[in-house]
Amino acid sequence: MFPTPHRTARRPLRPALLALLAALLPLLAATVLTAPAASARTQVPAATLTEVTDFGPNPSGLQMYVYVPQGVTAHPAVVVAVHYCTGSGPAMYSGTEYASLADRYGFIVVYPSVTRASKCFDVSSPQALRRDGGSDPVGIKSMVDWVTRTYDADRSRIFATGISSGAMMTNVLLGDYPDVFAAGAAFAGVPFGCFATTDGSEWNSACAGGTVNHTPQQWGDLVRGAYPGYTGPRPRMQLWHGTQDDTLRYPNFGEEIEQWTDVLGTGQTPAATDSPAAGWTRTRYGSTGDRAPVEAISLQGTGHNVYAWGMGARVLTFFGLDGGTTPQPPAGACKVTATTSAWNTGLTASVTITNTGTATVNGWRLGFTLPAGQTITNGWGATYAPASGAVTATNAAYNATLAPNASVTIGYQATHSGNSAAPGSFTLDGTVCTTG
């Protein structure tokens, strides 16, 4: 048996002590009221989609959902995955593979979710198109801040990706917060500022229809104007678009390329062109590797629903979050000579490819961009796709092997609208070739 505790008779509190407590209670109350909310530092359950509230300034009332993998790394990277119109954070979670990729690589995924009736992100208002101006970008920036505080995330590895409305928001986030995001990937979007309105409308028909056209510098100035005076590094951009997009028309893809190549100072000529999958044409600007400043993927015959399962892994490669990088091929391993013979509205081109490297090439793809107004009507020595713009010529069965110092000549016929020049640059399997 336990001994009975000794009870001490209670004594009345002395008046002086009562006065002291009366003075202290307001101070204690003030201290409690001004202390940081527990949720601001409380980590969420691992391996489950969790809503976080009170994450910081949120002028447009967005919801924040976050996925933290069981094996989250120390100082993790953060990927913000932004949904499409009519979507939600949970829909983006279940409809893309970023959570499963997070399980593999240890980064954290943030899923912003719109609460307004349209379920579209604000990429139109003047508030959204300037740094800390208000509306959705401010709320998303607060979500990033919450994750970096709570998990001591790596501030140099914050990324954004989105689909449709989320792709437009990806463009906006990279423009408003170039010091926050390292790179973005936009699926079926439009350039920063293209959807701008001043009447409170969320929709810009001219932009959606692909009729808004600016020079690269004008597009770039819109981005630079979102954060006046900023002179630091700019985030890299990966762009995806289907040629048959009837919601945000395909010309927006070219305008996005013009905008981000100007912002990143790469120029308009691709450093590499290839076809990583059937019907795809990929152009890279500024370098030829997996982390080029700008990477653009055009999907022949694809509509607005351009995103497909598996593309998230390619996004991670561009972001550099997949655990490795593909070495850039050495420049100067090939030489291309191209000439044209023109008449009225047509031309014939002859292209000679020489392997100037030391290893045999077994199977090759030659990338080049046709001058504006040219369309290939037929060709020989290779298959050509697409017929205009950024073209990939793929070897025929009989000329697939190129030994060191060996050459192969291919050619094509094309129509033109006045410019009958040959392409100015070429890549062979991603390697920039010398010309002459």
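Readers should treat all values here as calculations from the given coordinates under stated rules, not as data from a laboratory. If you're wondering where the values come from, they're calculated on a predicted model, not measured in any experiment. Cβ placement follows ideal geometry from the backbone for every residue including glycine, while neighbour counts extend to all protein chains displayed.
Points worth noting:
- Placing R0 at 25 angstrom, the Cβ-Cβ distance between residue 43 and residue 132 gives a FRET efficiency of 0.40 after rounding to 0.05.
- Phi angles of the stretch 407-412 translate, via the Karplus equation with coefficients 6.51, -1.76, 1.60 and θ = phi - 60°, into HN-Hα couplings of 10, 9, 10, 10, x, 7 Hz per residue; Gly and Pro are given as x.
- Sorted ascending by nearby beta carbons within 10 Å, beginning with the fewest, 269, 337, 261, 42 become 42, 269, 337, 261.
- Remark on residue 239: its backbone amide H falls under 5 Å from those of 186, 295, 296, 297, a criterion applied only to residues 5 or more positions apart or on other chains, H modelled at 1.01 Å from N.
- Label-point separation in nm, residue 399 to residue 198, each point 7 Å along Cα→Cβ: 5.6
- Cα-based radius of gyration for the chain, normalised by 2.2 N^0.38 Å, reads 1.26.
- Between residue 246 and residue 305, the modelled label-to-label distance comes to 1.4 nm, taking each label 7 Å out from Cα in the direction of the beta carbon.
- Sites count as exposed loop sites when they are trypsin sites (Lys or Arg not before Pro), lie in a DSSP loop, and have at most 16 other Cβ atoms within 10 angstrom; the longest stretch of the chain without one is 156-436.
- Simple spin-label estimate for residue 429 and residue 344 gives 4.2 nm between the two label positions (7 Å along the Cα-to-Cβ direction from each Cα).
- FRET efficiency, 1/(1 + (r/R0)^6) with R0 60 Å, evaluated for residue 117 and residue 407 via beta carbons: 0.45
- Given the chain, longest segment not containing exposed loop chymotrypsin sites (Phe, Trp or Tyr not before Pro) (DSSP; at most 16 other Cβ within 10 Å): 1-202
- For the stretch 340-404, the relative contact order works out to 37 percent when only alpha carbon pairs closer than 8 Å and six or more residues apart are counted.
- Calculated [θ] (222 nm, deg cm²/dmol) that DSSP helices of n ≥ 4 give over the chain, each run adding -39,500 (n - 2.57): -7000 deg cm²/dmol
- Listed values for the stretch 178-190 are Karplus-derived 3J(HN,Hα) couplings in whole Hz (6.51 cos²θ - 1.76 cosθ + 1.60, θ = phi - 60°), namely x, 8, 9, 9, 8, 6, x, 9, 10, 9, 6, x, 9, and x replaces Gly and Pro.
- Relative to the current alpha-carbon distance between residue 385 and residue 100, full extension at 0.36 nm per residue lengthens the span by 99.2 nm.
- Here the residues 75, 241, ranked from fewest to most Cβ neighbours within 10 Å of their Cβ, fall in the order 75, 241.
- DSSP bridge analysis restricted to the chain gives an antiparallel fraction near 70%, rounded to the nearest 5.
- Label-zone membership for the stretch 388-410, site residue 358, 7 angstrom Cα→C-beta point, backbone N under 17 Å: 403-406
- For the stretch 40-319: relative contact order, % (alpha-carbon pairs under 8 angstrom, 6 or more apart): 16
- Residue order, fewest to most surrounding Cβ atoms within 10 angstrom, among 402, 428: 402, 428
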